[in-house]
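Just below is one structure, and these are the notes that go with it.
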């Protein structure tokens, strides 16, 4: 017995030693053979790079340097809620560097106050999240390339967490392709400044054009071009009117070659000065100020009516027809909020306010092969209005005469993607065939999926719709009060990126809300709202009774309450106290439900998991004892 027992002990020790050696061997082999391999177990695949981002990394021709600046101590003291998101950003950047094959060199910098790192952060243009309150709190990213090019994200904002991957991929793409994108601008409006006959001087360029010239290389194109140069990254068409067939064909073939377009059309452009006659002021007002791009829109799968303006009772802004008149609501001048913008598209998700005037509507054409994705929407209290009603309009209130909302939310701007066919199936028109230059082969189908953004309004580009310009120390300073300029810059920035970058859309957020808790809060809010309405109704009813009692009194000038009024007032005070008590009980019940749920979760996390391990241990121990008993009985 003793010998067999020692033999079993020796086998057990030897087995443990063998398991330890096997464990160490597996760890060493995994470190060598599985180096760089990762498994993303998060529900929304937060740490899995999209194919577009992987393509951006693969297209890098030379290494780039990324510097992640985060003031850890300042964040812990001043903004502790930033810490989890900072960890998320750092881990994502580390994943990018690991997947880039040595083309991204990442440095994590914690700039201490009054240090060289803090000076360099300010030099890169990074912004402190807590300006003027204690130590500077930097939470941003900057990058450099071999040609001294720089690009930065001044600060990571929690409200753009969904677009973290896009913003970082965009920065990497900019460093990998440092040349400014070329924007071909074809406009029938005087965006570059028009000659003023009263002053004899040229007017200032529109602020929107000045902003775009800082971000892109803007090249002006005439309305009679035969072809669009191949180095044009995005074609920006503003209010195209009566374009000749050769220009339409040039635009068509630009899309067929994979070119991207930002198109502004308008059923009634306020900045269209065509048809004006100084001797007859009404001539310009009665002229046709609409624009269209037929037949290209039909080929792209878009329906657009250049004779209809969208009016909106809910989104209409207040305007003044004169300095003396009070403000009145104009249902043709719209102010869109955050809820009216596409939250899934990166160009519009982070914007708060867009102003438009006499905008048209867009819709997917029946049977279209392209995908139609609205970017800006009206409210459900909208309906189309004939554009002629806006000619020489002096009283905007007349637009509401006979206006009946349809209950439809109209698309005022949209993105069109997918394969398209040429609007010229027979080839180039006659005037294009005689154009100078070497002939270009006709393309009947798009070589790559089209990516076109259409906005059914041009007035949004005008100064008064989004920016206020002031003279400060002899310089013109533009101060934006709406996001019109941001929307245009975002669209051009998005369209001018690589196809891979365009495909990187918003990802799921890092934060995971407590859905059960939120549901409980919503239920309690509904109950609280009902109680509040009940209290208001009883208050109004009691006030009415008091008024009736007061009117029945003979001496209404007396300040003393009648016995009836006193009784009614006491009853209301008691009823008011009862309803308030119920409100408190409802709120207390909400807290009890939430605390009960929290206790249940804590019990599951703290007790259930260890209990399951303990039960498993007891089961394993019982099985071992049974084996030992069976072996002892056999011997």
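Scan (1) touching a helix residue (DSSP H, G or I) at 6+ places or on another chain (Cβ under 7 Å); (2) under 26 Å from residue 484 (Cα atoms) for the single condition residue 417 breaks and write down its number.
Condition not satisfied by residue 417: (1).
Criterion first (out of contact with any helix residue (DSSP H, G or I) (no Cβ under 8 Å at 6 or more places or on another chain), surrounded by fewer than 21 Cβ atoms within 10 Å (Cβ to Cβ) and over 14 Å from residue 458 (Cα atoms)) does residue 371 satisfy it?
Yes.
Are any residues in segment 129-162 farther than 27 Å from residue 343 by Cα and touching a strand residue (DSSP E or B) at 6+ places or on another chain (Cβ under 6 Å), and if so, which ones?
If the condition is that a residue be farther than 27 Å from residue 343 by Cα and touching a strand residue (DSSP E or B) at 6+ places or on another chain (Cβ under 6 Å), then 136, 137, 138, 143, 144, 145, 150 are the ones that fit.
Evaluate the following for residue 366: is it more than 22 Å from the chain's Cα centre (by Cα), over 22 Å from residue 488 (Cβ atoms), assigned by TED's automatic domain parsing to the domain that holds residue 457 and part of a loop (DSSP other than H, G, I, E, B)?
Criteria met by residue 366.
What is the one condition in (1) touching a helix residue (DSSP H, G or I) at 6+ places or on another chain (Cβ under 7 Å); (2) under 18 Å from residue 267 (Cβ atoms) that residue 336 does not satisfy?
Result: residue 336 fails condition (1) only.
Looking only at segment 273-286, decide whether some residue is modelled with pLDDT of 95 or more and either outside the structural domain of residue 460 (by TED's automatic domain parsing) or not in a loop (DSSP other than H, G, I, E, B) (or both).
The answer is no; no qualifying residue exists.
Being touching a residue at least 40 places away in the same chain (Cβ under 8 Å), touching a strand residue (DSSP E or B) at 6+ places or on another chain (Cβ under 6 Å) and in a helix (DSSP H, G or I): is that true of residue 66 here?
No, not satisfied.
Run residue 477 past the list (1) surrounded by 12 or more Cβ atoms within 10 Å (Cβ to Cβ); (2) at pLDDT below 85 and report the number of the one that doesn't hold.
The number of the failed condition is (1).
Residue under question is residue 118, and the condition is that it be over 30 Å from the mean Cα position of the chain (by Cα) and surrounded by 19 or more Cβ atoms within 10 Å (Cβ to Cβ); does it hold?
yes
Could we say that residue 267 is in contact with a helix residue (DSSP H, G or I) (Cβ under 8 Å, 6 or more places away or on another chain) and modelled with pLDDT of 95 or more here?
The answer is yes for residue 267.
The values are calculated or read from the model by the stated rules, or taken from the named source; none is laboratory data. Please read all numbers here as calculations on a predicted model, not as lab measurements. Reconstructed Cβ throughout: ideal geometry from the backbone, glycine too, with neighbour counts over all protein chains shown.
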